[in-house]
Amino acid sequence: MSDEPLLPCVEIEPPAPADAAVIWLHGLGADGHDFEPIVPHLGLGRSHGIRFVFPHAPSIPVTLNLGMVMPAWYDISRLDAMRHDEAGLRRSAARVQRLIEREVERGIDTRRIVLAGFSQGGAVALHLGTRLDRPLAGILALSTYMLVREKLATEASEANAATPILMAHGTHDPMVPVGWGEAARDQLQAAGYDVTWRTWPMQHEVCLEEIEVVGAWLRERLPTL
């Protein structure tokens, strides 16, 4: 059990008793409400049992944004996906792991939990999902990249070696270049991970087609019991 305090969250309870969960991490400067509106558009059906948990990142000074305090999972000192704040990344991963532990305490098997994230949140999801010592239902990583890539081989957990990963990216993304996502995809696939990769002609955002693909993938990973 982690000693990390629980992050504040927006939670959406399912119409049926919860038997699964999606923990979804927002991007830099956003909050847990950012992806809340997409839930009704995922096509989950009237009797699904998926609880959605949208945590709020802590507010910290972000060096790249002139030290402005804003919600962030880790500091960014410059636009270089390989040189972000490793200590902050690991601290956030530990706090998100505590949310996974809470779902287990609520009676949800980790095999019925999807860890999801967009941009910064996606980097945390990839980092924690590949290292978690209990198997997940899936990892969803949107418009993102992978940090501390050089440590994946030594830190990866066998528990999630076969966990499906869905990655999606905008080909015109000016903030997180699609090449960063492709590099993460290539490294994960070379390490044997089951990665599905999709792109759309968009910027740093999500589109309706992407939401439909995510919904279909979630229904496959977390079918109604």
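Can you give me the distance in nm between label points at Asp133 and Val69, each placed 7 Å from the Cα along the Cα-to-Cβ direction?
Taking the simple label geometry, Asp133 and Val69 are separated by 3.6 nm.
Looking only at trypsin sites (Lys or Arg not before Pro) in DSSP loops with at most 16 other Cβ atoms within 10 Å, what is the longest site-free stretch of the chain?
Details: sites that count: Arg46, Arg78, Arg83, Arg106.
Formally, the longest exposed-site-free interval is 107-225.
Need the full-extension length gain, Thr196 to Glu11, defined as separation in residues times 0.36 nm minus the C-alpha distance. One decimal, nm.
63.9 nm
Which FRET efficiency, nearest 0.05, do Glu212 and Arg106 yield, Cβ-Cβ r, R0 25 Å?
Working: r = 29 Å, r/R0 = 1.15.
Efficiency for this residue pair is about 0.30.
Could you tell me which residue out of Phe118, Trp197, Val22 lies farthest along the dipole of region 9-221 toward its positive end? Charges go on the beta carbon: Lys and Arg +1, Asp and Glu -1, centred on the Cα centre.
The Cα lying farthest towards the positive end belongs to Val22.
Starting from a Cα-only point model with no solvent, please compute log10 I(q)/I(0) by Debye for region 81-179 at q = 0.13, 0.15 1/Å.
-0.44, -0.58
Calculate, for His172 and Ala87, the FRET efficiency according to 1/(1 + (r/R0)^6) with r their C-beta to C-beta distance and R0 35 Å; round to the nearest 0.05. All intermediate terms of the calculation are to be shown ahead of the outcome.
Numbers: r = 32 Å, r/R0 = 0.92.
That gives a FRET efficiency of 0.60.
Tell me the Rg and the Dmax, in Å, that the Cα atoms of region 21-125 produce.
Looking at region 21-125, its Cα Rg and Dmax stand at 14.8, 47 Å.
At 0.36 nm per residue, minus the direct Cα-Cα distance, what do Ala162 and His41 gain on full extension? Give it in nm, one decimal, please.
Extra length from Ala162 to His41 when fully extended: 40.8 nm.
Taking the Cα centre of region 9-221 as origin, work out the dipole magnitude from +1 charges on Lys and Arg Cβ and -1 charges on Asp and Glu Cβ, in debye rounded to 20.
Numbers: 20 positive and 27 negative charges, 74 e Å.
It comes to approximately 360 debye.
So how long is each side of region 9-221 along the principal axes, counting just the alpha-carbon atoms, biggest first, in Å?
The Cα atoms of region 9-221 stretch 45, 34, 34 Å along the principal axes, largest first.
How high is the relative contact order of the chain, in percent, counting Cα pairs under 8 Å that sit 6 or more residues apart? Numbers along the way, then the final one.
Values: 486 pairs, mean separation 43.5, N = 225.
It rounds to 19 percent for the chain.
Would you work out which of Val10, Leu128, Phe35 lies farthest towards the positive end of the dipole of the chain, given +1 charges on the beta-carbon of Lys and Arg and -1 on that of Asp and Glu, about the Cα centre?
It is Leu128.
Readers should treat all values here as calculations from the given coordinates under stated rules, not as data from a laboratory. None of the values given here were measured: they were computed from a predicted structure. Note: ideal-geometry Cβ built from the backbone for every residue, glycine included; neighbour counts use all protein chains shown.
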